[in-house]
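Below: one structure, written as structure tokens.
Please treat every number below as a calculation from the coordinates, not as lab data. Note that the structure is a prediction, hence the values are computed from the model and not measured. Reconstructed Cβ throughout: ideal geometry from the backbone, glycine too, with neighbour counts over all protein chains shown.
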Amino acid sequence: MSQRSRLSLIFLQIFIASLLFALMGRLFYLQVAAGPKYRDAALSIQSRDVVTPATRGLIVDSSGVPLALNKVGLAITVDRTKIDKQEDKGVKVLKNLSLLLNLQYSDVWQRTRLCGELPKGKKAGCWTGSRFQPIPITKEADPQIALQIVERSDKYPGISATPIAIRSYPGILDVNAAHLLGYVGPLTDYDLSGASGRSYFRSESIGKAGLEIKYDSYLRGSPGIKTVIVDRKEAVTSTSQNTKPTPGNHLVTNIDVRLQAATEKALADAVRRARASGHRADGGAAVVLDVNNGAVLSIASYPTFDPNSFEKGLTVQEAKDLFSESNGVPALNRALQGLYAPGSTFKAVSIIAAKDAGYSLTANYACPASVEVGNRVFNNFESKAQGTLSLKKALAVSCDTIWYRIAFDEWLRDGGLRPKSDANDYFFKAAARFQMGEKTGIDLPSESKGRLADRNWRKAWYSQNKDFYCNYAERSTKAQQTPFLILLAKENCVDGDKIRAGDAVNFSIGQGDTIITPIKLAQMYGAIANGGTIWQPVVAKAIISNSGKVIKTYPYRELGNIDVAPATIDFLHDALHEVTISGTSAGVFAGFPIATAGKTGTAQVFGKNANGSAKDDTAWYAGFAPAKNPKFVVAMMVSQGGFGASTSAVGVKQIFQSIFGVTGNKVIPGTALFKNGNPPWKLPKISPATRPAGEKK
Amino acid sequence: MSYLLNRSPYRKARRSSAFAGFDPILTGAVSILLVLGTLLVYAATRNWYAANGLDPQYYLKRHVINIAIGVMLAWGTTVIDYRLLRAYTPIVWGLGVLGLGFVLIPGLGDSVNGAQAWIPLPGGFQIQPAELAKISIIVGMSMILSERSHDSDEPTSQDVLRALVVAAIPVLLILLQPDMGTVFIISASVVAIIAVSGASTKWVAGLLILAVAGGIVATKAGIISDYQVKRLQSFVDPNADTQGAGYQLRQARITVGSGGFLGTGLFDGPQTNGRFVPEQQTDFIFTVAGEELGFLGSGLIVLLYIIILMRAFGIARRSSEPYGRLVCTGVIAWFAFQTFENIGMTLGMMPMTGVPLPFVSYGGSSMFANLIGFGLLQNVHARHRG
């Protein structure tokens, strides 16, 4: 062998040996060093989790009457792993199915596609679950149709009919409570992303609004997971793990289903009444709280929607209607999201401000037809002169001009347009003690916090809008260029950062930029009624496990105190009772057998409706009863509802009738809602079959 | 042809036993690979075939038949007089070229995975002429480069050119299929044979440069089909394409990695049984070993190749005649680069080309060729001990 051959051979041998040892090293890295990582990767390729959703817990009222439960529905489901194996990928069977269920084939096809299979922008209605989850086409199939599918499995291969639990809002006593309860629905990508701090399985349903979302973590339980091992064709080869679902816990609320039904009816009647007298009445809300602990006994918003419609399968049109302006935005919970000027209901706060400013509560004050404030004339309500009135009477008849005078004087005393650094600001401070401009903290999602239009707010508002008003000619639209608005803009540009005389007097009668929610007004009047404590409104009472164990109770929470002298509270109780005797709601409560107290509010609204008509007044009434030792506070609001008295006070009286068992002008013994006049404190036994007490069979 | 009748002294000696002269280590290592391969082919196919209502032993049976035929071919190659082999070489070469030409005729050859590489035979059998062409190239080149030269003599440039022509004709036909994996392996063998033949280093260097340049030009000029470019791209970034070649490479790597040190146990690999890796019984057979036998088993397979190849180097070195040495060199380079290409592809070190794992993968033509190659090594071992 030549030297060259020998060297070549040795070189080749070394080269090949190093190649093979490199293989060995790489193999060691993959299998030993990085083995665990690849084992995890392999597991995610091979295993699929089949999720059996847990039965959701019930939502019941304070006596155990179910507000939300689960009922058995017949689901018609499509098994993608089966129809995909068919020659035409399931086209024929889905066509047969749409014919049977009287649905559009394109709709059924779309709903059985995994979201990942569809191009962007064409995912509407797609299945958010996995291929292994039976895809429901309907959850409430006719048993006859279900039977056809089961019997003709040759005609419907891959389609099955199975009984499933679906969320149901039974509407006992025709109660709706849609805004309170919310609804459940499929998970969104946001839910799945884990951004909410919880992890879900794709096929689960979760609470979407109201109590269903607020207490979802208790209600939903934990789903059963069956882990199956699949092959490349996604056929199941074995089952490796199986955990049973744990049913969700039950939620006991402070709601009383009978009072809820009465509240909803009273609200709907108020809206009807307002419309009958020519008002637009485009929405409303009513709330009943226990004045001594903040328990929410009922809460209603108008217009409303059917909470069951989501499980039936919402059409695109139905979903749009929920949020459409022309429909009054039924999805909006006006009790805690609707913001309106409080109008004369605010005068109870003004009484406290006046007292703090040193005004005598027993003196008499002039109530002229109008008051000149600076160079502007402010008229009394309906420009009526009432002569000289006691402060009590002035509150009862809702005189405005007394407050213009006092508020203007106080404004001047605080320095007018050159405010002192240590301004008294009695009116702002009184409102702040009621925590106006803050949330009530009710345990329902998306509460609005309202606005307290004090000096700080004014400054913040000015810095945001200065540019607009100071360059009004360029910034505003053509329609905004009316002489009045141009003048207003000019004023706003010059001293928009300051509380002007007009702002101060408007503030004292609940007009202007201050806005509140109905739940806030109920909380405020609750504080007046109970002697000063501001309670956090609370819907939830307790969480009870499926086996009856109390998991958690929700204590009542004091958020603060309005810090008003007992004499002033007594004066307010007396004056607010006077409203129902000789004041603005006297006509409404004439002959009512229970002494009550309350205040009307008819708040002006600026702006125009879509059709160009001026906006109607907001009709308010806040009342509590009994007038002595109050137990219940009710607030009702009908937006564009006209007069507070004829629209809302009547509605509140209707609610009082229901609470105290009043028919005509008599208390019918045994018909009052609560024994001893108090809502039950004992936790109820949970059963879906519980019926309301005193229900006529 | 009279020399054919001359009986060599070795033949008489070997007559006493059919297995005399077989290198025990080489034979042992190859035998273990054959047994492991049989188990792995069965493991790769039984579950899937059973699940789809087919005979779970379909591949097992065919594989055993292939081995049986292959072992007979190996035995024949071992005992045959090398001069007879030399005499048949032009015929084998010619048949190989004919076969390679035949597969390219549309309608006659079968296309698998984008390569027009198969001649269909009755009974569902196929022949891959490229596999047999490897042998004819190795034997043909060795013949030309050793024929006239004495040990001290180096082949002339003319010899090298003639040898290259012998290699170039089948390689060009394989390029047309195109089967880049086989071209790569044959090229490695050609360069190795020429280097060991003692030819001028200019030739070796030139050929190496030509091979690299050829690879670049082939890729740029589109001689490599889209299919192969895709495979190359997915080698660079296996996550780029989730369904095609990248998917296969990623699945292969996950499957091997998930085996860990001990593996899941033979027949118990969920990745294998779920058939997440395609071509599991052929090109990706090593994933089955990786998953089910773990590092212990798959490392043993690599070790067996190291033993076989190092043993073969010993045979080449001991060979008294240049012819035997060159044949050995060609076979070594063939086995080594095919093994490296196959396992390297599975482990993500090499681009994806469809070459089977010697002695292990399912596939008749490849099995026959490998065992003939093994026979050639044994033949040299038995006859040309220096």
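From largest to smallest, what semi-axes in whole angstrom does region A:188-304 give when each is the square root of 5 times an eigenvalue of its alpha carbon gyration tensor?
Numbers: eigenvalues 407, 68, 29 Å².
Rounded to whole Å, the semi-axes are 45, 18, 12.
At each listed q (0.11 Å⁻¹), what is the log10 of I(q)/I(0) that the Debye formula gives for region A:49-253 modelled as equal alpha-carbon point scatterers?
At q = 0.11 Å⁻¹ the computed log10 ratios are -0.59.
Using +1 at the C-beta of Lys and Arg and -1 at the C-beta of Asp and Glu, which of A:Leu74, A:Pro36, B:Gly96 has the Cα lying farthest in the positive direction of the dipole of the protein assembly as shown?
My answer, from the dipole projection, is B:Gly96.
Quote the relative contact order of region B:42-383 in percent (integer), defining contacts as alpha-carbon pairs under 8 Å separated by 6+ residues. Mind dumping the intermediate values first?
On the way: 512 pairs, mean separation 82.3, N = 342.
Relative contact order, region B:42-383: 24 percent.
Tell me, rounded to the nearest percent, the portion of alpha carbon pairs in region A:560-668 spaced more than 23 Å apart.
On the way: 1986 of 5886 pairs.
Tail fraction, whole percent: 34.
For region B:42-383, what does the equivalent ellipsoid look like in terms of its semi-axes, each the square root of 5 times an eigenvalue of the Cα gyration tensor, given largest first in whole Å? It would help to have the intermediate numbers written out before the result.
Numbers: eigenvalues 220, 102, 81 Å².
Value: 33, 23, 20 Å, ordered largest first.
Which value, in Å to one decimal place, does the Kirkwood hydrodynamic radius take for region A:275-411 when every pair of different Cα atoms is included? Please report the intermediate quantities before stating the final value.
Values: mean 1/r = 0.0532 Å⁻¹.
Here the Kirkwood hydrodynamic radius works out to 18.8 Å.
Compute the long axis of helix A:257-276 from its Cα atoms, compare it with the longest principal axis of the Cα atoms of chain A, and write down the angle in degrees, 0 to 90, nearest 10.
Around 60 degrees separate the two axes.
With a 10 Å radius around each residue's Cβ, average the other Cβ atoms per peptide and rank B:192-200, A:83-91, B:69-77, highest first.
Packing order, densest peptide first, comes out as B:192-200, B:69-77, A:83-91.
Sorted from fewest to most neighbouring beta carbons within 10 Å, what does the list B:Leu84, B:Leu33 look like? Don't jump to the answer; show the numbers that get you there.
Details: B:Leu84 12, B:Leu33 22.
Ranked by crowding around the Cβ, least crowded first: B:Leu84, B:Leu33.
Once each part is reduced to its C-alpha centroid, what is the distance from region A:223-259 to region A:395-428 in angstrom?
Centre-to-centre (Cα) distance: 62 Å.
Just want to confirm a number: the relative contact order over chain A, from Cα pairs under 8 angstrom separated by 6+ residues, in percent. Before the final figure, lay out the partial values.
Working: 1423 pairs, mean separation 106.9, N = 697.
Computed value for chain A: 15 percent relative contact order.
Compute the Rg to Rh ratio over chain A from the alpha carbon atoms, using the Kirkwood formula for Rh, and round to two decimal places.
Numbers: Rg = 33.1 Å, Rh = 29.4 Å.
Using Cα coordinates only, the ratio equals 1.12.
If you average the alpha carbon positions of region B:278-357 and of region A:1-20, how far apart do those two centres end up, in angstrom?
Result: 17 Å between the Cα centres.
Based only on other Cβ atoms within 10 Å, what is the fewest-to-most ordering of B:Leu293, A:Leu192, A:Leu395? It would help to have the intermediate numbers written out before the result.
On the way: B:Leu293 24, A:Leu192 15, A:Leu395 28.
Taking fewest neighbouring Cβ atoms as first place, the list is A:Leu192, B:Leu293, A:Leu395.
Could you give each residue of region A:54-64 its phi-based ³J(HN,Hα) in whole Hz, using Karplus coefficients 6.51, -1.76, 1.60 with θ = phi - 60°, and x for Gly or Pro?
Per-residue couplings from phi come out as 6, 6, 6, x, 7, 10, 10, 7, 5, 9, x Hz.
Explain nothing, just the number: relative contact order of region A:49-253, from Cα pairs under 8 Å at least 6 residues apart, as a whole percent. Spell out each step's value before the answer.
Numbers: 389 pairs, mean separation 67.5, N = 205.
Averaging sequence separation for qualifying contacts and normalising by length gives 33 percent for region A:49-253.
Per residue of region A:430-443, what does 6.51 cos²θ - 1.76 cosθ + 1.60 with θ = phi - 60° give for ³J(HN,Hα)? Whole Hz please, x for Gly and Pro, Karplus curve as stated.
Here the 3J(HN,Hα) series is 5, 5, 5, 5, 7, 6, 5, x, 10, 6, 6, x, 4, 7 Hz.
Looking at A:Leu211, A:Gly548, B:Thr346, which one has the Cα that reaches farthest to the positive end of the dipole of the protein assembly as shown (charges on Cβ: Lys, Arg +1; Asp, Glu -1)?
After comparing all options, I get B:Thr346.
Check which residues have an amide H placed less than 5 Å from A:Arg557's amide H, if you skip close sequence neighbours.
Residues meeting the criterion, in which the H sits 1.01 Å from N, are A:Gln536.
Could you give each residue of region A:319-335 its phi-based ³J(HN,Hα) in whole Hz, using Karplus coefficients 6.51, -1.76, 1.60 with θ = phi - 60°, and x for Gly or Pro?
Per-residue couplings from phi come out as 5, 5, 4, 4, 10, 7, 4, 5, 9, x, 6, x, 5, 6, 8, 5, 4 Hz.
Once Lys and Arg get +1 and Asp and Glu get -1 on their Cβ, which of B:Ile194, B:Tyr305, A:Asn609 lies farthest toward the positive end of the dipole of the protein assembly as shown?
Going by the charge dipole, the pick is B:Tyr305.
Once you wrap a convex hull around the alpha carbon atoms of region A:399-498, what is its projected area averaged over all directions, in nm²?
Values: hull surface 37.6 nm².
For region A:399-498, averaging the hull's shadow over all directions gives 9.4 nm².
Return the long-range amide H neighbours of B:Ala117 (sequence gap of 5 or more, or a different chain), with a cut-off of under 5 Å between placed amide H atoms.
The list, which skips near neighbours in sequence, is B:Asp110, B:Val112.
Two-decimal Rg/Rh of region B:247-386 from alpha-carbon positions, Kirkwood Rh?
Answer for region B:247-386: 1.05.
Please list A:364-372, A:179-187, A:147-155, A:636-644 highest first by mean number of surrounding beta-carbon atoms within 10 Å per residue. Before the final figure, lay out each step's value.
Working: A:364-372: 16.6, A:179-187: 22.4, A:147-155: 12.9, A:636-644: 29.1.
Ranked from most to least packed, the peptides come out as A:636-644, A:179-187, A:364-372, A:147-155.
So, by mean Cβ neighbours within 10 angstrom, what's the order for A:348-358, A:378-388, A:40-50 with the highest one leading?
Numbers: A:348-358: 21.6, A:378-388: 14.5, A:40-50: 17.5.
My ranking of the peptides, most packed first, is A:348-358, A:40-50, A:378-388.
Roughly how many whole Å is it from the C-alpha centroid of region B:69-98 to that of region A:47-115?
Answer, in whole Å: 67.
Residues of B:343-356, mean number of Cβ from any other protein chain within 10 Å of their own Cβ, rounded to a whole number?
Details: counts 6, 4, 0, 4, 8, 2, 6, 1, 0, 0, 0, 0, 0, 0.
That works out to 2 on average.
For peptide A:33-45, compute the average count of partner chain beta-carbon atoms within 10 Å of each residue's beta-carbon.
On the way: counts 1, 3, 9, 3, 3, 11, 6, 3, 8, 14, 4, 1, 9.
Counting Cβ atoms of other protein chains within 10 Å of each residue's Cβ and averaging gives 6.
Can you list residues whose amide H is under 5 Å from A:Ile206's amide H, if they're 5+ apart or on another chain and H is modeled 1.01 Å from N?
A:Gly185, A:Leu187
If one computes P(r) from the Cα atoms of region A:482-632, what percent of pairs lie at distances over 27 Å?
Tail of P(r) above 27 Å: 46 percent of Cα pairs.
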